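A.B. asks: Handing you this structure, nothing more for now.
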Amino acid sequence: QVQLVESGGGLVQAGDSLRLSCAASGRTFSTYAMGWFRQPPGKEREFVAAINWAGVNTYANSVRGRFTISRDNAKETVYLQMNTLKPEDSAVYYCAARPYYTTVDPETYDYWGQGTQVTVSS
């Protein structure tokens, strides 16, 4: 089992920045690929960014160039630095884990955190 706990969400204005954190515990963190997903109100959960066990990143087109995913294996934490936030970035953000390699399909991730709300006002 892997337990994931997100933090860092909040209410910000358009153009502001936020950094989300996801602390993991349980199995060997360094062998897991970590993903960030988000779910806007009334919509499906969507892929945001992911980082594999070797540190290779993948981003959704909508956030590429504004968001940065990173991981600190010593702290067993993955981060999502979000810059130049837009109102359409408002959602509940979830981190997720799966072995080794990233995918963009949330159904392929084995473990999920409880989510953290991000609200961007215009």
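The values are calculated or read from the model by the stated rules, or taken from the named source; none is laboratory data. Quick caveat: nothing in here was measured; it's all calculated off a predicted structure. No Cβ is skipped: glycine too gets one built from the backbone with ideal geometry, and neighbour counts run over all protein chains shown. Side chains included, ligands, DNA and RNA excluded: accessible areas come from the protein's heavy atoms. Shrake-Rupley method; radii C 1.70, N 1.55, O 1.52, S 1.80 Å.
A.B. asks: Please determine, by comparing only the residues of the stretch 101-122 that are open to solvent by less than 30 Å² (accessible area, probe 1.4 Å) and among the aliphatic types (A, V, I, L, M), which one is farthest from Ser25 (Cα to Cα).
C.D. replies: Only one residue tops the list, namely Val120.
A.B. asks: Another one. For Tyr79, indicate whether it is open to solvent by 30 Å² or more (accessible area, probe 1.4 Å), under 19 Å from Gly10 (Cα atoms) and among the aromatic types (Phe, Trp, Tyr).
C.D. replies: The answer is yes for Tyr79.
A.B. asks: When you look at Glu88, is it surrounded by fewer than 14 Cβ atoms within 10 Å (Cβ to Cβ) and either of a type in the set (D, E, K, R) or modelled with pLDDT under 95 (or both), yes or no?
C.D. replies: Criteria met by Glu88.
A.B. asks: Checking Asn61 against (1) open to solvent by 30 Å² or more (accessible area, probe 1.4 Å); (2) in contact with a Leu (Cβ under 8 Å, 6 or more places away or on another chain); (3) part of a loop (DSSP other than H, G, I, E, B), only one condition comes out false. Which one?
C.D. replies: (2)
A.B. asks: What number of residues in the stretch 4-30 are at pLDDT 95 or above and over 14 Å from the mean Cα position of the chain (by Cα)?
C.D. replies: The qualifying residues number 8.
A.B. asks: Hey, another quick one. Mind listing whichever residues of the stretch 1-58 are charged (D, E, K, R), surrounded by 12 or more Cβ atoms within 10 Å (Cβ to Cβ) and not in a strand (DSSP E or B)? Please lay out each step first, then the result.
C.D. replies: First, pick out the residues of the stretch 1-58 that are charged (D, E, K, R): 6, 16, 19, 27, 38, 43-46.
Pick out the ones that are also surrounded by 12 or more Cβ atoms within 10 Å (Cβ to Cβ) and you get 6, 16, 19, 27, 38, 45-46.
Scanning the stretch 1-58 gives Asp16, Arg27, Arg45.
A.B. asks: Next question. Out of curiosity, is Arg98 within 20 Å of Gln3 (Cα to Cα), part of a strand (DSSP E or B) and open to solvent by 40 Å² or more (accessible area, probe 1.4 Å)?
C.D. replies: Yes: the conditions hold for Arg98.
A.B. asks: What pairs come up if the first residue lies in the stretch 52-72 and is farther than 20 Å from Tyr109 by Cβ, the second is outside any strand (DSSP E or B) and aliphatic (A, V, I, L, M), and their beta carbons are under 6 Å apart, counting only those six or more places apart or on different chains?
C.D. replies: As it stands, the answer is none, since no pair meets every condition given.
A.B. asks: Tell me whether the stretch 73-84 contains one or more residues that are β-branched (Val, Ile, Thr), assigned to a loop (DSSP other than H, G, I, E, B) and in contact (Cβ under 8 Å) with a residue 60 or more places away in the chain.
C.D. replies: The answer is yes; a qualifying residue exists.
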